[in-house]
Every structure is written in C-alpha cells, then in structure tokens.
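**Student:** Right, I'll just put the structure down here and ask away after.
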Amino acid sequence: MKGGMEMAKIGFIGFGSMASLIATKIIETEVATPEELILYSNSKNEHFNQFYNKYPTAKLADNEAEIFTKADHSFVCKLPLAVLPLMKDCAAVLTPDRHVISIAAGVSTSDIIEITPGLQVSKLIPSLTTAVNVGTTLIAHADTVNQANTSWLETTFEHFGHVMTIREENMDIASDLTSSSPGIIAAIFEQFVEAALRRSSLSDAEVFQMINFALAGTSKLLVEEDYTFSGLIERVATKGGITAEGIELSEEQLPQFFDELLDRTQTKYASSKKEIQAQKQDLLL
C-alpha cells in the first residue's frame with residue numbers, strides 16, 4: 001500500500017505463536033506486504049518481538065478498536081474467555097462491514113454475533129503443520145459473512161495448506177483431527193521411542209531418526225501414492241509375520257485409547273463452552 005492514510009489490509013489482535021505463524025505465512029506467500037498488516041498485542045511477547053524485528057514496517061495499533069477500524073480482516077487471536085469481552089468493549093466500531101476471524105476454541109460465531117449483531121464473523125482453526133505448507137485449516141462462516149470475505153479467507157489459507165470449510169457443529173472433533181493431532185501423534189511416538197530405548201543399546205538420536213523418517217515416509221505414501229490406512233497395513237503386515245503381531249495388538253487396545261482420548265477432549269470443550277455461555281449471559285445483561 002502507498003500512503004500512510006490508506007487502510008491496512010489485515011489486522012491481528014493478540015500475537016502469540018499462532019498469530020505469528022499466520023502473519024508470517026501471509027507475508028511469505030505474498031498475500032500481503034508487511035506494510036499491509038497492523039498489529040496490537042498488550043504483551044510484547046517473544047513471538048511479537050521476533051516478528052516485528054523481522055518485519056519492522058508492519059503497522060502497530062494503539063488499541064484493539066484501532067485494529068477493527070483500520071483492517072479489512074481482523075484476526076482475533078486471544079484466549080477464549082477474552083474474546084466476548086473484547087467484542088463488547090469494541091462494539092461501537094464493529095459495524096456490519098467488518099470481517100472478524102476468531103481462532104478461539106469454544107467461542108462460536110453465534111456467540112460473537114449475539115454480542116455484536118450483524119458482524120461478519122468467521123471461525124478458523126489453524127494447525128502448526130501449516131508452517132510446512134501441509135496442514136489443514138478448518139473454517140466455518142456465519143451467515144452474515146459476504147461472498148467476498150468468504151473467498152478471501154479460504155483463498156488466503158489455500159496458499160499455505162489445505163482448507164476445509166465445515167459445519168461449526170463439527171468443529172470440535174475436526175479440531176482434534178487437525179490442530180491437536182500433531183501433538184497427540186508426537187506423544188504416541190515418543191512412547192514408542194522410549195520403549196525401543198528400554199530394549200536396545202541404540203541412542204536417543206538413532207531411534208528418533210528411525211521413527212522420524214518412518215513417519216515422514218508413511219505420510220508421503222498416504223498422500224502421494226494414494227494409500228489408505230488399511231491398504232498400507234495390508235502392504236506391510238504379512239499374515240503371521242512380525243508386523244502383524246503389532247497390528248493385532250493395536251486393534252485390540254487402541255480403540256479404547258482413542259475413544260477415551262476423544263471423550264476427554266470433548267469434555268474439555270464442553271467445560272470451556274459452559275464458561276463462555278455463562279460469561280455471555282453476564283455480558284448481555
């Protein structure tokens with residue numbers, strides 16, 4: 001953009017690790033220049049400082065309302081219980097032509113619209129794997145979002161990964177599969193590494209490299225060779241062989257593990273939503 005009086009294109013309120021990742025990818029993929037970004041963070045954290053040191057021409061806002069006033073698209077990257085109070089505090093500038101994108105779990109687009117009626121609100125759940133242009137970004141739009149803003153958000157994230165637009169009612173389970181799964185997968189295979197170390201004289205680095213390349217290769221086979229999970233199992237697990245023993249144990253014990261995993265995460269989502277609903281009722285009084 002030329003000229004200091006022109007509107008910024010994209011704003012960020014809150015600037016933690018995920019906001020930094022999104023902003024960096026937006027610049028790297030030339031969706032926008034640093035000058036077209038405007039940032040506000042009430043804590044100048046490590047992520048903010050690293051980003052601003054790298055892109056010092058990004059604009060800085062004095063407060064949250066300035067972001068909503070100046071940006072065409074405003075990413076709200078705050079903790080769930082901070083989102084609705086922010087909306088209420090800035091209600092005067094949150095007119096129906098504003099496009100707000102929230103990344104907070106547990107806060108629905110309808111929750112935000114109850115606080116600021118008519119606002120164009122999208123919900124976005126990114127994934128850390130977006131950093132390597134592979135992740136799936138989940139998006140749900142409120143009915144208030146116009147076609148231009150819908151297309152802009154989806155096209156932007158298609159520049160650095162895969163986009164899935166889904167019904168908001170499915171967002172929690174889908175988030176487990178996209179946003180949470182890298183951490184869960186890492187935790188599972190960390191235990192696989194520890195078990196191997198207990199049974200061999202291999203070093204941590206050697207075992208990690210073996211698992212790391214096995215994971216990378218498996219992913220590549222699934223994506224590039226069009227394998228399904230069951231097809232890949234058939235290919236590597238000879239009947240009565242060693243791999244088949246591991247597959248059999250997995251089929252016996254993992255269903256319970258994953259059922260409980262999803263039960264726990266859904267319980268956590270429900271607890272968070274209960275807090276949000278109570279907060280919303282207080283804000284609407």
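**Student:** Anything in region 57-104 that is touching an Asp or Glu at 6+ places or on another chain (Cβ under 8 Å) and among the hydroxyl-bearing types (Ser, Thr, Tyr)? List them, or say none.
**Tutor:** Scanning region 57-104 gives a single hit, Thr57.
**Student:** Take Glu168 and tell me if it is modelled with pLDDT of 95 or more, of a type in the set (D, E, K, R) and either touching a His at 6+ places or on another chain (Cβ under 9 Å) or under 26 Å from Ala23 (Cβ atoms) (or both).
**Tutor:** Yes: the conditions hold for Glu168.
**Student:** Considering only residues of region 104-115 that are surrounded by fewer than 22 Cβ atoms within 10 Å (Cβ to Cβ) and outside any helix (DSSP H, G or I), which is modelled with the highest pLDDT?
**Tutor:** Here the answer is Ser108.
**Student:** Which one of these is open to solvent by less than 40 Å² (accessible area, probe 1.4 Å), touching a residue at least 60 places away in the same chain (Cβ under 8 Å) and touching a Phe, Trp or Tyr at 6+ places or on another chain (Cβ under 8 Å): Thr137, Thr156, Thr130?
**Tutor:** Thr130
**Student:** Something else now. Given the options Ala19, Ala61, Ala23, name the one that is more than 19 Å from the chain's Cα centre (by Cα), of a type in the set (Gly, Ala, Ser) and within 25 Å of Val93 (Cα to Cα).
**Tutor:** Exactly one residue qualifies, and that residue is Ala61.
**Student:** Got a sec? Which of Val163, Val100 is closer than 21 Å to Ala23 by Cβ, in a strand (DSSP E or B) and within 14 Å of the chain's Cα centre (by Cα)?
**Tutor:** Val163
**Student:** Hey, any hits in region 203-219 for a residue that's farther than 30 Å from Asp72 by Cβ, touching a Phe, Trp or Tyr at 6+ places or on another chain (Cβ under 6 Å) and modelled with pLDDT of 95 or more?
**Tutor:** Scanning region 203-219 turns up at least one residue that is farther than 30 Å from Asp72 by Cβ, touching a Phe, Trp or Tyr at 6+ places or on another chain (Cβ under 6 Å) and modelled with pLDDT of 95 or more.
The values are calculated or read from the model by the stated rules, or taken from the named source; none is laboratory data. Keep in mind it's a predicted model, so treat the numbers as computed, not measured. Virtual Cβ from ideal backbone geometry, glycine too; neighbours counted across all protein chains shown. With ligands, DNA and RNA removed, areas are computed over all heavy atoms of the protein, side chains included. Shrake-Rupley method; radii C 1.70, N 1.55, O 1.52, S 1.80 Å.
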